[in-house]
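To start, the structure itself, in structure tokens.
The values are calculated or read from the model by the stated rules, or taken from the named source; none is laboratory data. Since we're looking at a predicted model, the values are computed, not measured. A quick note on method: Cβ atoms are made from the backbone with ideal geometry, for glycine too, and the neighbour counts reach across all protein chains shown. In case anyone asks, the SASA skips ligands and DNA or RNA and just uses the protein heavy atoms, side chains included. Shrake-Rupley method; radii C 1.70, N 1.55, O 1.52, S 1.80 Å.
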Amino acid sequence: MSSTPERPLTRNIRPGEPPLDLVGYERAGGYRALRRALRELTPSQIVQQVTDSNLRGRGGAGFPTGKKWSFVPHGADGGLPKYLIVNADEMEPGTFKDRLLLEGDPHQMIEAIIISAYAISASVAYIFLRGEYLRATELLTRAAHAAEARGYLGAHILDSPFSLALHVHTSAGRYMCGEETALLTALEGKRALPRYKPPFPQVVGLWGRPSVVNNVETLCNVPHIVERGAAWFRALGRTQDGGTKIYGASGHVRRPGAWELPMGTPLRELLEEHAGGIRAGRALRALLPGGASTAFLTAEHLDVPLDFSSMEPTGSRLGTGTITVADDRTCPVALLRNLEHFFAQESCGWCTPCRDGLPWTERLLGAIEDGDGEMQDLEILEMHTRFLDSGKTFCAHAPGAMAPLASGLKIFRDDFERHIRERRCPWKRAA
Amino acid sequence: MSTGDSAAMLAGAAQAAPAAAPSAPLAPELTAAIAQLVGQYDDKRAACIEALKLVQRQYRWVDDARLGALARLLDMSIAELDGVATFYNLIYRRPVGRHVILLCDSVSCWLCGADQLRARLEQRLGVEVGQTTADDRFTLLPIVCLGHCDHAPALMVDEALHGDVDAAGVDRLLEAYP
Ligand SMILES: Cc1cc2nc3c(=O)[nH]c(=O)nc-3n(C[C@H](O)[C@H](O)[C@H](O)COP(=O)(O)O)c2cc1C
Ligand code: SF4
Ligand code: FES
């Protein structure tokens, strides 16, 4: 390939500059896809296009978006609304990709919402926005008002029969709100407890009505798919998973940041070329490929393409695609203690294994780091990784918490044992 | 107590509010703003989280009297609304200082020196995380990842986000908040 790869999601984003306003966005080709969608395509044609594009959810689980949309019941709905909800809660530690899209090109988000709502025949849309994302709140609110004044939102959009009301909902901070069923509960003004599935939200969601919840980055791809086509989108990726991905790197790298790259970009390229490699004089100890709830990878995994399918054999996941890198001077026990502190604190408390198990793992890790650990603590930690695994808790929070722990106990076994044997943290200098 | 409450407790929620709660009802313009919020949802109570934030923006924290007034306004029981208020990290059910510092304690910031930053802040302010300075100027609270990990360590002071904060930077930063 000779030409520089396309980056549809971030093409309008100039670091350090304010985002395009409505006129600027239109001049850059914005809202063209919306016109095309409303004038030339039926909702089911758009769902088909998104299905053909092989767009997979960028919220972390990689669920095919077209398939998700196809579960929404069609036909007469007795005048009751269906809902589209943008998951802009972004609270996964080490993740900063949705903020980039929201702050960098708010009109792209708005256009994406309108087209996606049309595709599933939703008449009301909510952006469920993290409470701390104040700049995004301001920019999105302004963009939505401008779009409404221009006839892109509200009743009879562009003189079509389609109408959409869009609301920006700002949350008040709890990681659980990002889990899609807990998000619906939170949006109804309650404690963010998850719901049993089935029924799935596409059928019984917000106030019992059909609802689709999609991640910010997922939806931002939709206008481009509508405009350029499914085949174009698939060809953007370097592997079987189509499109581009906003990857990022933070932690002990030379140049932390976020970059839109072809889906399937190898981990090594992200780490070494884009993030500039590990800080001078240090080596890689381990990294989390896509947020706190993904299993650790080490130097032996650097050639893996970062996409949903290729990550499976590593035992980890693509997750959010923003890597968190720890160098060889990082104490792995302390690192895991930090991670499990987050998960224990953010547990919603609904089911016992998670509510009681996560604080237990945090305490054990703390004891081991502080030199008070016993060898049998390692067995208790391993027991947790089994008892809090997928299917054993009400939602995916606890299994997410166990991903770094289970992999960490294997990769860092010697480090754990050394802490226990020497009754101190070998990484801490004597005071 | 469930661990689910620990975050809220750090935000000053689990304990009952002190007795000095003013019994003034919500300011009229606040009531109007809340009514507007209600219009965005199919159910009144769905506005409660944003309404709690509006109350807090005006009065810094949510005391019992105002919580009660808001519950009546939204046709919720006080217990229900308090259950919501104590669940969320950014709703304060205990008094906070004039400025709230939210210090990220998640993984990328931890890797990039958040512990040293916390120590510096605690030393400069003379409080520990979770406390308010004696002069009521600052409350220091932990927060999870602020989505600013490429500029770790990160923190927020009131509504402003700050990244790449080192010890010297912290000193300068605090001076900007009288
Ligand atoms: C505890 C937990 C937290 C989550 N947080 C988020 C989040 O902040 N943003 C997000 O998009 N998805 C989050 N998810 C994933 C969502 O449940 C859901 O899969 C996603 O919003 C679906 O969108 P997508 O299909 O477009 O990826 C979370 C999941 C769990 C279990
Ligand atoms: S797994 Fe944890 S977060 Fe999920 S429902 Fe159970 S207690 Fe809540
Ligand atoms: S970990 Fe601190 S901002 Fe993300």
Q: Confirm whether B:Asp135 is away from ligand 1 (no atom under 16 Å from the Cβ) and either not in a loop (DSSP other than H, G, I, E, B) or not assigned by TED's automatic domain parsing to the domain that holds B:Ile34 (or both).
A: yes
Q: Confirm whether A:Asp370 is surrounded by fewer than 17 Cβ atoms within 10 Å (Cβ to Cβ) and either modelled with pLDDT under 95 or within 25 Å of A:Arg174 (Cα to Cα) (or both).
A: no
Q: Collect the residues in region A:72-108 that are within 12 Å of ligand 1 (Cβ to nearest atom), more than 13 Å from every other protein chain (Cβ to nearest Cβ) and open to solvent by 10 Å² or more (accessible area, probe 1.4 Å), keeping them in residue-number order.
A: A:Asn87
(Q) I'm trying to understand the selection: among the residues of region B:143-178, which are surrounded by fewer than 24 Cβ atoms within 10 Å (Cβ to Cβ) and assigned to a loop (DSSP other than H, G, I, E, B)? (A) B:His148, B:Asp158, B:Glu159, B:Gly163, B:Asp164, B:Asp166, B:Ala176, B:Tyr177, B:Pro178
Q.
Which numbered condition in (1) open to solvent by less than 10 Å² (accessible area, probe 1.4 Å); (2) polar (S, T, N, Q); (3) without any contact (Cβ under 8 Å) to a residue 12 or more places away in the chain is the only one that A:Thr185 fails?
A. (1)
Q) Pick from region B:91-115 the residues that are open to solvent by less than 20 Å² (accessible area, probe 1.4 Å) and part of a loop (DSSP other than H, G, I, E, B): which of them is farthest from the other protein chains (Cβ to nearest Cβ)? A) B:Gly97
Q: Identify, by number, the condition in (1) within 16 Å of ligand 1 (Cβ to nearest atom); (2) open to solvent by less than 70 Å² (accessible area, probe 1.4 Å) that A:Leu381 doesn't meet.
A: (1)
Q: Quick one: which residue in A:Ala192, A:Ala258 is more than 20 Å from A:Phe63 (Cβ to Cβ) and open to solvent by less than 10 Å² (accessible area, probe 1.4 Å)?
A: A:Ala192
Q. Among the residues of region A:297-333, how many are within 14 Å of chain B (Cβ to nearest Cβ) and touching a Lys or Arg at 6+ places or on another chain (Cβ under 9 Å)?
A. 11
Q: Could you please give the count of residues in region A:109-127 that are in contact with a Pro (Cβ under 7 Å, 6 or more places away or on another chain) and either open to solvent by 10 Å² or more (accessible area, probe 1.4 Å) or within 21 Å of A:Gly60 (Cα to Cα) (or both)?
A: 5
Q: Run A:Asp389 past the list (1) within 19 Å of A:Leu339 (Cα to Cα); (2) assigned to a helix (DSSP H, G or I) and report the number of the one that doesn't hold.
A: (2)
Q. Which of the residues that make up region A:311-336 are within 19 Å of the chain's Cα centre (by Cα), small (Gly, Ala, Ser) and open to solvent by less than 30 Å² (accessible area, probe 1.4 Å)?
A. A:Ser316, A:Gly319, A:Gly321
Q) Based on what the data block shows, is A:Ala88 over 25 Å from the mean Cα position of the chain (by Cα) and among the hydrophobic types (A, V, I, L, M, F, W, C)? A) no
Q.
I'm trying to understand the selection: among the residues of region A:340-362, which are within 16 Å of ligand 3 (Cβ to nearest atom) and among the charged types (D, E, K, R)?
A. A:Glu340, A:Glu346
**Q.** Criterion: closer than 17 Å to B:Met156 by Cβ, away from ligand 3 (no atom under 16 Å from the Cβ) and in a helix (DSSP H, G or I) - qualifying residue of B:Gln36, B:Gln56
**A.** B:Gln56
Q. So which helices (runs of 4 or more DSSP H) are wholly in region A:1-70 and hold at least 2 residues that are among the hydrophobic types (A, V, I, L, M, F, W, C) and in contact with an Asp or Glu (Cβ under 8 Å, 6 or more places away or on another chain)?
A. A:32-40
Q) Given the residues B:Leu140, B:Leu121, which is the only one that is in a helix (DSSP H, G or I) and either within 11 Å of the chain's Cα centre (by Cα) or modelled with pLDDT of 95 or more (or both)? A) B:Leu121
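Every residue, every condition in (1) within 16 Å of ligand 3 (Cβ to nearest atom); (2) touching a strand residue (DSSP E or B) at 6+ places or on another chain (Cβ under 9 Å); (3) among the aromatic types (Phe, Trp, Tyr), yes or no:
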residue	(1), (2), (3)
A:Phe162	no, no, yes
A:Leu183	no, yes, no
A:Lys190	no, no, no
A:Phe200	no, no, yes
A:Gly208	no, no, no
Q: Take B:Ala69 and decide whether it is more than 16 Å from ligand 1 (Cβ to nearest atom), at pLDDT below 60, surrounded by 15 or more Cβ atoms within 10 Å (Cβ to Cβ) and in a helix (DSSP H, G or I).
A: no
